[in-house]
Amino acid sequence: MTHLRETPWDKRNFNINTYEMLTTDEEALKETEQHEGHYTIKISPLENTKPLLDHGFYYVDTLIEPVCKKDNLTLFHEDHTSLSTNYNPDEILEIAEEVFTHGRFHRDFNIPDSMADTRYMNWVNDLIESGKIIALNYDNDTAGFYGFESDKVLLLGMREEYRSRGLAKAFTSMACKEQLKSGYDELYTSISAANVASLNLFYALGFRLKNTVDVYHKLNGEVT
């Protein structure tokens, strides 16, 4: 399988082999006919999609990929807010159960919502275990979490009762500032075009569009 990369972190959720395609070459597309599995490919919105559609791929999402240079980060402050790496993992997972509705696997009609939920919960748990989750605290309550890796912002989740209160800007800007202390000159993130609230949030923090990709999936076989 020279044109495919296995994604075992997804295989554990869907009970079928999962792959990321490395190219849209015809030879690669034919390879997806030879192996049962779930396939993902990310392409430029300007790329010709007919070969993908001819081989059974279907559109699931558009990802906006903004970047923020260190000097452009806008900081917000709200009283009673703080960050912590000392938290109860169960509280983080409880919040995670509420927040992942814009993920590409939730938009994939071949993936049951319960499996998509499990996929994102497992991802959060992996980040907890690797020390890549920061808790967002309001007074002594865990109000949300921020997931990161290297120079990329991965996940942001807020407990329902803390949403629409203007706290996300303060929490996220504080967490970005903390992440930049590792020596990065800029931070990246990736946001579904359907997630308007997150797009507006990161724009307010100083993130600006760098790239856009369309995501296509294919299922050859069945998820069980």
Those strands (runs of 3 or more DSSP E) completely within the range 122-224 that have 2 or more residues that are closer than 25 Å to residue 62 by Cα are 141-149, 152-158, 186-189, 208-220
- Query: Just to be sure, is residue 11 touching a strand residue (DSSP E or B) at 6+ places or on another chain (Cβ under 7 Å), outside the structural domain of residue 191 (by TED's automatic domain parsing) and either in contact (Cβ under 8 Å) with a residue 60 or more places away in the chain or under 30 Å from residue 167 (Cα atoms) (or both)?
  - Reply: no
Q: Determine if the range 135-157 includes at least one residue that is surrounded by fewer than 19 Cβ atoms within 10 Å (Cβ to Cβ), aliphatic (A, V, I, L, M) and at pLDDT 95 or above.
A: yes
Across (1) at pLDDT below 95; (2) farther than 22 Å from residue 163 by Cβ; (3) of a type outside the set (Phe, Trp, Tyr), residue 186 clears everything bar (1)
Those residues of the range 60-80 that are farther than 17 Å from residue 190 by Cα and either in contact (Cβ under 8 Å) with a residue 24 or more places away in the chain or not in a helix (DSSP H, G or I) (or both) come to a total of 9
With criteria (1) at pLDDT 95 or above; (2) surrounded by 13 or more Cβ atoms within 10 Å (Cβ to Cβ); (3) more than 16 Å from residue 104 (Cα to Cα), residue 19 comes up short on (3)
- Query: Is at least one residue of the range 93-110 surrounded by 15 or more Cβ atoms within 10 Å (Cβ to Cβ), hydrophobic (A, V, I, L, M, F, W, C) and not in a helix (DSSP H, G or I)?
  - Reply: yes
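The values are calculated or read from the model by the stated rules, or taken from the named source; none is laboratory data. Predicted model, so just to flag it, every value in this text is computed and none were measured. Backbone-built Cβ (ideal geometry, glycine too); neighbour counts: all protein chains shown.
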